[in-house]
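K.L.:
I'd like to ask you about the structure that follows.
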């Protein structure tokens, strides 16, 4: 699928199909690297599917525009990051897991519009204990409460957090001070979303945070926090769907009721918020 002519390296503009071709080779090299074995499944799922990329771009296009600054908090292996770049945004990708951060740097080594911050985002700066799921790194988390909830929940009991590491910690306020005010913030940090929002003391134009049906109270707390910050319009997308499950924008109370009514097997999704 053509996305226009290849952009000369170093301009920091839209990432196009020419860039993606080189990135595909990097993905294959990462998948072949034995030290990256834990990320192979994520790399296979999140990279190399043009139809999925197009759906992501269409979904985010109303929120992210060329020239915007975006924070991708919990960037993992960068599928959303890739979409934000194809839409022409500059991206600060925040990712605490060493292998994931290494993959992001390899994938965007020649892209000056991407900054990788190897840290966990939370309520305060300083060291953070990260619970690592080696077999499924996408659900590694800084929240011990999330690990405890998963141990008792259907669909999660096979997940094992088998290691703990200490990582650097930052806050959204610190990132705003360092890089400027983003047009959009994506937060996907496996049950640590409330801590991330506790580290934000001002409005941004739009953001999203992940929720899970094993931590609905946490989602309610996040909605309360965003309301206190002045966000007024909210909606919901489920799972990896590139469409809103709750069409249009709604008050926080309506979204909270929608989340409470979801069946357990809805599993997860994202709440989107605008000022």
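K.L.:
If you take the residues in segment 98-121 that are in contact with a helix residue (DSSP H, G or I) (Cβ under 6 Å, 6 or more places away or on another chain) and not in a helix (DSSP H, G or I), which one is surrounded by the fewest Cβ atoms within 10 Å (Cβ to Cβ)?
P.N.:
Pass one, segment 98-121, residues in contact with a helix residue (DSSP H, G or I) (Cβ under 6 Å, 6 or more places away or on another chain): 99, 103, 106-107, 116, 118, 121.
Then drop every residue that is not not in a helix (DSSP H, G or I), which leaves 116, 118, 121.
On the way: 116: 24, 118: 18, 121: 30.
Selected residue: 118.
K.L.:
Determine which member of the set 246, 226, 218 is modelled with pLDDT under 95, in contact with a helix residue (DSSP H, G or I) (Cβ under 9 Å, 6 or more places away or on another chain) and surrounded by 15 or more Cβ atoms within 10 Å (Cβ to Cβ).
P.N.:
Answer to the selection: 246.
K.L.:
Which fully enclosed helices (runs of 4 or more DSSP H) of segment 159-243 have 3 or more residues being under 21 Å from residue 101 (Cβ atoms) and in contact with a strand residue (DSSP E or B) (Cβ under 7 Å, 6 or more places away or on another chain)? Break it down into steps so the answer makes sense when it comes.
P.N.:
Working: elements: 172-179, 193-198, 216-229.
Those helices (runs of 4 or more DSSP H) span 172-179.
K.L.:
Also, quick follow-up: Considering only segment 151-158, I want to know if a residue exists there that is within 19 Å of the chain's Cα centre (by Cα) and touching a residue at least 24 places away in the same chain (Cβ under 8 Å). Break it down stepwise before answering.
P.N.:
Filtering segment 151-158 for residues within 19 Å of the chain's Cα centre (by Cα) gives none.
No, because not a single residue in segment 151-158 is within 19 Å of the chain's Cα centre (by Cα) and touching a residue at least 24 places away in the same chain (Cβ under 8 Å).
K.L.:
Filter segment 133-146 down to residues that are at pLDDT 95 or above and in contact with a strand residue (DSSP E or B) (Cβ under 7 Å, 6 or more places away or on another chain) and give me whichever is surrounded by the fewest Cβ atoms within 10 Å (Cβ to Cβ).
P.N.:
144
K.L.:
On to the next question. Of all residues in segment 27-78, which are at pLDDT below 95 and at positive phi?
P.N.:
Passing the criteria: only 48.
The values are calculated or read from the model by the stated rules, or taken from the named source; none is laboratory data. This one's a predicted model, so the numbers in the text were calculated from it and none came from an experiment. Note that we place each Cβ from the backbone using ideal geometry, even for glycine, and neighbour counts take in every protein chain shown.
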